[in-house]
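The values are calculated or read from the model by the stated rules, or taken from the named source; none is laboratory data. Not measured: the values here are computed from a predicted model. Backbone-built Cβ (ideal geometry, glycine too); neighbour counts: all protein chains shown. The area values use the complete protein model at the heavy-atom level, side chains included, leaving out ligands, DNA and RNA. Shrake-Rupley method; radii C 1.70, N 1.55, O 1.52, S 1.80 Å.
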Amino acid sequence: MKIGIPLEKKDSKKKIVQEKLRELVSSGSFNEGDKLPSERELAQMLDVSRNVLREAVISMVTEGSLEVRERQGIFIKSLDNFGMLDSLKSLQMLPADFVSYQLEVRLIIEVPAARIAAMRRTENDIRKLRECYENFVSCPYITPEEQAQNGKWEALLHHLVTESAHNPILSRLNESINSLVERNNILVHPDMLMEKGWIELIKSRHEAIIKAIEENNADDAGETLKMHLLETAEVMRRKHPELITDIPFPYWNLKN
């Protein structure tokens, strides 16, 4: 049976598909760990192309709701996560406040997580990081749709770094803040891509982070990720000061 949905712009299609997937998962027919219907069957049920379905699934993998297992299919990773994501997505604040506070949260969580990941990572973690990185660097970024997809690959890369720390509580926190990363990328990523030399810089930073994790170099992994986040804030402050709020006693100014 098809679930009819109005289809307009590509990004709108993806968001509608995500909501339909949420409704399907929340219907009570599935439990954590259950496998969803095949990609072909889901696309037919939702009456969308498989490309749009894939984009929606990638976003839900990034936020921690779904998991794609190679040669096996799409699985439900966390039912509880749906409630946490709804809470974060309903968070109301000015864009400038949002950008500053999400940066602070990411520095608190992602930088130590990268250090731990360097000591606990597995060969499978490195494979996933490399595959995601290759998708990120090969993704074009000319059209708005391409820029949005490029931002999603970067958000997924950050997600995989934290997942490589193999701490279940940290993973749950990571899943719930990934919606913040995507929201931040919607605000700033397309414009940042147009900054001269920026895409080359962030490619090199991400490559260095993965290399440090692969070589079990905790100090380099944490410091490079911290440098990347602070460089992002500095470029934004220079180009768009209206998108950065001067919050009192920011975490990045505290002595660690």
Examine the stretch 93-110 for a residue that is open to solvent by 20 Å² or more (accessible area, probe 1.4 Å), out of contact with any Asp or Glu (no Cβ under 6 Å at 6 or more places or on another chain), at pLDDT 90 or above and farther than 8 Å from S164 by Cβ, and state whether such a residue exists. yes
In this structure, is G197 farther than 17 Å from A114 by Cβ and modelled with pLDDT of 85 or more? yes
Hey, K10 surrounded by 14 or more Cβ atoms within 10 Å (Cβ to Cβ) and at pLDDT below 75 or not: yes
Among the residues of the stretch 32-44, write down those that are in contact with a Lys or Arg (Cβ under 9 Å, 6 or more places away or on another chain), surrounded by fewer than 17 Cβ atoms within 10 Å (Cβ to Cβ) and at pLDDT 85 or above. K35, E39, R40, Q44
Of all residues in the stretch 108-121 being under 10 Å from I213 (Cα atoms) and not aliphatic (A, V, I, L, M), the one that is farthest from the chain's Cα centre (by Cα): R120
For a quick check of your reading of the model, give me the residue pairs whose first member lies in the stretch 45-60 and is open to solvent by 20 Å² or more (accessible area, probe 1.4 Å), whose second is among the aromatic types (F, W, Y), with beta-carbon atoms closer than 9 Å and at least 6 apart or on different chains. I58/W153
Regarding G73, is this residue modelled with pLDDT under 90 and open to solvent by less than 40 Å² (accessible area, probe 1.4 Å)? yes
